[in-house]
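Structure first, then comments.
The values are calculated or read from the model by the stated rules, or taken from the named source; none is laboratory data. The model shown is predicted, which means the values in this text are computed figures rather than measured ones. Using ideal geometry, Cβ is built from the backbone for each residue, glycine included, and neighbour counts are taken over all protein chains shown. The protein model used for the area step is the full one, side chains on, heavy atoms only, and it has no ligands, DNA or RNA in it. Shrake-Rupley method; radii C 1.70, N 1.55, O 1.52, S 1.80 Å.
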Amino acid sequence: MLVLKKCLCILLCAVCLTLSVAAADCRAQAWVVYHPGSGEILAGGNYDTPLPMASTTKIMTALLVLERCDLREKVVIGEECCEIEGSSLYLQPGDEYSVEELLLGLLLASGNDAAAALARHACASEEAFVAAMNERARAMGLEHTHFMNPHGLPAEGHFASARDLAVLMGEAMENPDFRRIAGTKSAVIHGLTVKNHNKLLGLCEGVNGGKTGYTRAAGRCLVSSCCREGLEVVCVTLNDRRDWDDHAALYEETYERCESYAIPAGTALASVRQVGGSGGNALALAGESVSLCIQKGSEVTLTLRVPRFVFAPATPGGRAGEAELRWEEKRRTLPLVWAAP
């Protein structure tokens, strides 16, 4: 058994609540700072309360469309899509757009007409698309979320919690097309220049995506993602009149205290003597990735549990033991696998 000690810091729920300055000043009805890599809540308030979320709904709309459609597919705009109130891409009946163009209009200009057109294209009807949205939410474990439409206009039974939106945004950002489009500052669509409503792009260091929302019922809603020096976190505020300032302050506080600690899958962690065959050593690799949000100053112990020897040849991908990460009163195990010779 090998024991390796490294000076790292782990941000835990109890520790992260020391984000006192920004947290104390946050005026949102519900808010959260979330680390998608580990699934940890870093700070927050009232984050499991279901609330109206306005156009942040479109994060799920975009993700579901990306999972079901090719960006190059053509969409013919139906008349029913052009009659929706609120923010608009000014679609006209009979016009033809690509899925990618409509997604740009959805995430940058927050077009409600684009949401309706994409929903009808991806499924047989808007109702079928909304059913798929709710099914996807259940699959993600979003316990305080329910959709009634693909755009976020007020509707009874249409709500989400801040935590659920953060989890949704974390998963959406794993999709490279969503990440690219959500981080686009402006685009020209059929001669119309649309600018991203997310003002944090380019103004707050590291912000790489997000979605705004506003209705009278929901107030100002904002979901954003930020990455600095390899640490990506998501911030959500619901019903917050000063959402830009709150997100920027929460990010500054988070990155002042925290950094990323990661062990990518496939990292060699141990070398074990092989007996028989051609001899030599077999490498034990991390069988999955570990991503932690760490706080400077605390000690982490990495314990490797591997055999003293292995009969050659070690089976590539076979179980080689495990690594255990310990910090404060927490621990996490990581499976190890044999590397290919």
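Working from label points 7 Å from Cα in the Cα-to-Cβ sense, the Glu205 to Ser298 distance is 2.5 nm. P(r) tail for the stretch 176-228: Cα pairs beyond 14 Å make up 57% of the total. Ranked by solvent-accessible area (1.4 Å probe, protein heavy atoms only, all chains present), the residues Arg180, Arg68, Arg308, Arg331 order from largest to smallest as Arg308, Arg331, Arg68, Arg180. Net charge of the neighbourhood of Phe178, taken over other residues with C-beta under 12 Å away and scored Lys/Arg +1, Asp/Glu -1, is -1. This model, with +1 at the C-beta of Lys and Arg and -1 at the C-beta of Asp and Glu, gives the chain a dipole about its Cα centre of some 1380 debye. Other residues whose C-beta falls under 12 angstrom from the C-beta of Pro52 contribute a net charge of +1, scoring Lys and Arg +1 and Asp and Glu -1. Of all aspartates and glutamates in the structure, the ones whose alpha carbon falls short of 16 Å from that of Lys330, not counting any fewer than 8 places away in one chain, are Glu40, Glu299. Amide H contacts of Leu51: Ala160, Ser161, each under 5 Å away and 5 or more positions distant or on a separate chain (H built 1.01 Å from N in the peptide plane; Pro and chain starts excluded).
Put a plus charge on the Cβ of each Lys and Arg, a minus charge on the Cβ of each Asp and Glu, and nothing anywhere else: the dipole of the stretch 112-182 about its Cα centre is then about 180 debye.
The Rg/Rh ratio for the chain, using Cα coordinates for both the radius of gyration and the Kirkwood hydrodynamic radius, is 1.06. Could you pull the accessible area for Leu71 with a 1.4 Å probe, rounded to 10 Å²? Taking all protein chains as shown, Leu71 has close to 30 Å². Remark: the stretch 231-341 carries 50 Å² of accessible area per residue (probe radius 1.4 Å; ligands, DNA and RNA excluded). In this structure the stretch 30-156 gives 38 Å² per residue of accessible area when probed at 1.4 Å with all protein chains present.
By the equivalent-ellipsoid construction on the alpha carbon gyration tensor, the stretch 98-251 comes out with semi-axes of 23, 19, 15 Å, ordered largest to smallest. The share of accessible area on the chain that comes from carbon and sulfur is 49 percent, using a 1.4 angstrom probe. Between the residues Thr254, Asn281, Cys235, the greatest Cα displacement towards the positive end of the dipole of the stretch 156-292, with unit charges on the Cβ of Lys, Arg, Asp and Glu, is found for Cys235.
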